[in-house]
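Below you'll find the structure, written out as structure tokens, and then a few comments.
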Amino acid sequence: MRSPLFRQQYCLRAGERAQPQPSPLPGIMATLTVSKLWLIAHRQAPSCASSIAIASHSHSHSSPFLTRLLSRSPPLPPLRSWPSRRFGVSVKMGREVDVDVENMDPVQKRLMFDDECILVDENDNVIGHDNKYNCHLMEKIEKENLLHRAFSVFLFNSKHELLLQKRSATKVTFPHVWTNACCSHPLYRESELIEDKYLGVRNAAQRKLYDELGIVAEDAPVDEFTTLGRIHYKAASDGKWGEHEVDYLLFLIRDVKVEPNPDEVADVQYVNREQLKEIVRKADAGEEGITLSPWFRLVVNNFLFDWWKRVDEGTLAEGADMSTIHKL
């Protein structure tokens, strides 16, 4: 049979308000037990401490120490989230919760935890996988050197104009910035892990062109992508999120029907060379609130205009260099 003291402690831990059973032990032992429970409960969940305080009332008449302890305790907050010591984290029902995730757009939240990115080493060899959330946390990127595979599609129409997109304001990394037609990640799945002729990356590019821009597979055949090169870069989006990628650069020359997905894309436009140069100038000058994604700027500064010339000349494939990973 359980002792009366055990029944008293069990009631207190469970938050019950029934009258505790008389303790056969001296009053000081009961006082210490209740005091310890109150301190633990107040540290872990202030609302539970209030139940213990009520239940301990029967001992307060025999313990001046407990009376002083309870009278000096701070006001107890209501049962809801309250700040923890970690930045960007709150606590709900004793569980730490990432505030940024709680406030995240539902679509972006789903992608953050459902999508498994491909982890690679600096030579682009597959070494594992992790969810999109972890792969884009700057803390993990810096501490664990997490590096994942990505791709960037540069889409030209028959007039050799380049399609740009403005990323949606709900994007977790680099929201509301202008960039190339489509930028994303091959996922850790069989169809997107195929290394032969980079077919896995091309399959992923076809998938995301539809997800983001509504471009159907028939308008973006995987065989018509030209894989031109790879860059390795790291860029912080804000204090928490960022990118660390081996990015495959794909060109596609097709007239396509574009129907942007508002969860991913805020705006689109085709530009010629001179129009793009003006956009870059405005971004550099901070005019009209124009900003560019870091990977797009790296490609513009290092490769794009030379490759664009090859698009005009019909010699694009001759400009490919897949043996080098350019660390920028």
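The values are calculated or read from the model by the stated rules, or taken from the named source; none is laboratory data. Just so we're clear, the structure is a prediction, and the values are computed from it rather than from any experiment. Methodologically, a virtual Cβ is constructed for each residue, glycine included, from the backbone with ideal geometry; neighbour enumeration extends over all protein chains shown. Note: areas computed on protein heavy atoms with side chains; ligands, DNA, RNA excluded. Shrake-Rupley method; radii C 1.70, N 1.55, O 1.52, S 1.80 Å.
I'd like to verify a number: residues in region 202-220 that are acidic (Asp, Glu), closer than 15 Å to Leu187 by Cβ and open to solvent by 20 Å² or more (accessible area, probe 1.4 Å), how many? Please lay out each step first, then the result.
Restricting attention to region 202-220, the residues satisfying the condition of being acidic (Asp, Glu) are 211-212, 218-219.
Now restrict to residues that are closer than 15 Å to Leu187 by Cβ: 211-212.
With the extra rule that they be open to solvent by 20 Å² or more (accessible area, probe 1.4 Å), the set shrinks to 211.
Final tally of qualifying residues: 1.
Take the residues in region 166-184 that are farther than 17 Å from Phe225 by Cα and assigned to a strand (DSSP E or B), then tell me which one is most open to solvent (accessible area, probe 1.4 Å). Spell out the reasoning first.
If we filter region 166-184 for residues that are farther than 17 Å from Phe225 by Cα, which is where we start, we get 166-179.
If we keep only those that are assigned to a strand (DSSP E or B) too, we end up with 166-167, 178-179.
Working: Lys166: 52, Arg167: 15, Trp178: 28, Thr179: 0 Å².
Looking at residues that are farther than 17 Å from Phe225 by Cα and assigned to a strand (DSSP E or B), I get Lys166.
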Query raised in the report: List, please: which pairs have Cβ atoms under 6 Å, are six or more places apart or on different chains, and start with a residue in region 272-293 that is under 20 Å from Lys171 (Cα atoms) and end with one that is at pLDDT below 95 and in a loop (DSSP other than H, G, I, E, B)?
Result: Ser293/Phe174
Requested in this report: Would you mind stating whether Val299 is closer than 30 Å to Glu142 by Cβ, of a type in the set (Val, Ile, Thr), more than 26 Å from the chain's Cα centre (by Cα) and assigned to a helix (DSSP H, G or I)?
Outcome: no
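Considering only residues that are of a type in the set (A, V, I, L, M, F, W, C) and more than 25 Å from Ser158 (Cβ to Cβ), which ones fall in region 258-312?
Going through region 258-312, the residues of a type in the set (A, V, I, L, M, F, W, C) turn out to be 258, 265-266, 268, 271, 276, 279-280, 283, 285, 290, 292, 295-296, 298-300, 303-305, 307-308, 311.
Hits for region 258-312 are Ala266, Ala283, Ala285, Ile290, Leu292, Trp295, Leu298.
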Requested in this report: Answer yes or no as to whether Ala266 is under 23 Å from Thr227 (Cβ atoms), open to solvent by 40 Å² or more (accessible area, probe 1.4 Å) and either in contact with a strand residue (DSSP E or B) (Cβ under 7 Å, 6 or more places away or on another chain) or without any contact (Cβ under 8 Å) to a residue 60 or more places away in the chain (or both).
Outcome: no
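Sort through Lys309, Lys257, Lys234 and tell me the only one that's assigned to a strand (DSSP E or B) and at pLDDT 95 or above. Write out each step before concluding.
On the way: Lys309 fails: assigned to a strand (DSSP E or B); Lys257 fails: assigned to a strand (DSSP E or B).
On inspection, the qualifying residue turns out to be Lys234.
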Query raised in the report: Do any strands (runs of 3 or more DSSP E) lying entirely in region 70-165 carry at least 3 residues that are touching a Lys or Arg at 6+ places or on another chain (Cβ under 9 Å) and modelled with pLDDT of 65 or more, and which ones are they?
Result: 116-120, 148-156
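How many residues does region 206-223 hold that are outside any helix (DSSP H, G or I) and either of a type in the set (A, V, I, L, M, F, W, C) or out of contact with any Lys or Arg (no Cβ under 8 Å at 6 or more places or on another chain) (or both)? If you could, list the steps in order and put the result at the bottom.
Initially, region 206-223 is screened for residues outside any helix (DSSP H, G or I), giving 214-216, 220-221.
Applying the additional criterion that residues be either of a type in the set (A, V, I, L, M, F, W, C) or out of contact with any Lys or Arg (no Cβ under 8 Å at 6 or more places or on another chain) (or both) yields 215-216, 220-221.
Here the count works out to 4.
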Query raised in the report: Could you say whether any residue in region 200-222 is touching a His at 6+ places or on another chain (Cβ under 8 Å) and not acidic (Asp, Glu)?
Result: yes
Report summary line: Result of the Cβ filter at 6 Å on region 241-252, keeping first residues that are under 21 Å from Leu155 (Cα atoms) and partners that are open to solvent by less than 10 Å² (accessible area, probe 1.4 Å) and of a type in the set (Gly, Ala, Ser), at least 6 apart or interchain, is Glu245/Ala150; Asp247/Ala150; Asp247/Ser152; Leu249/Ser152; Leu249/Gly229; Leu250/Ala205
Report task. Answer yes if at least one residue in region 209-217 is free of Cβ contacts under 8 Å to residues at least 60 places away in the same chain, closer than 15 Å to Leu155 by Cβ and in contact with a strand residue (DSSP E or B) (Cβ under 6 Å, 6 or more places away or on another chain), and no otherwise. Result -> yes
Query raised in the report: Do we find a residue being of a type in the set (S, T, N, Q), open to solvent by 10 Å² or more (accessible area, probe 1.4 Å), under 27 Å from Asp312 (Cβ atoms) and in contact (Cβ under 8 Å) with a residue 60 or more places away in the chain anywhere in region 221-236?
Result: yes
Report task. Could you tell me whether Ser323 is among the polar types (S, T, N, Q) and under 29 Å from the mean Cα position of the chain (by Cα)? Result -> no
**Report entry** Subset of region 250-263 that is touching a Ser or Thr at 6+ places or on another chain (Cβ under 6 Å) and farther than 20 Å from Val177 by Cβ - its residue that is surrounded by the fewest Cβ atoms within 10 Å (Cβ to Cβ)
**Finding:** Asp255
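Condition check ((1) surrounded by 14 or more Cβ atoms within 10 Å (Cβ to Cβ); (2) touching a Gly at 6+ places or on another chain (Cβ under 7 Å); (3) charged (D, E, K, R)) across all residues:
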residue: Tyr248; (1), (2), (3): yes, no, no
residue: Glu274; (1), (2), (3): no, no, yes
residue: Ala285; (1), (2), (3): no, no, no
residue: Arg297; (1), (2), (3): yes, no, yes
residue: Trp307; (1), (2), (3): yes, yes, no
residue: Val311; (1), (2), (3): yes, no, no
residue: His326; (1), (2), (3): yes, yes, no
Query raised in the report: In region 268-292, how many are under 29 Å from the mean Cα position of the chain (by Cα) and aliphatic (A, V, I, L, M)?
Result: 6
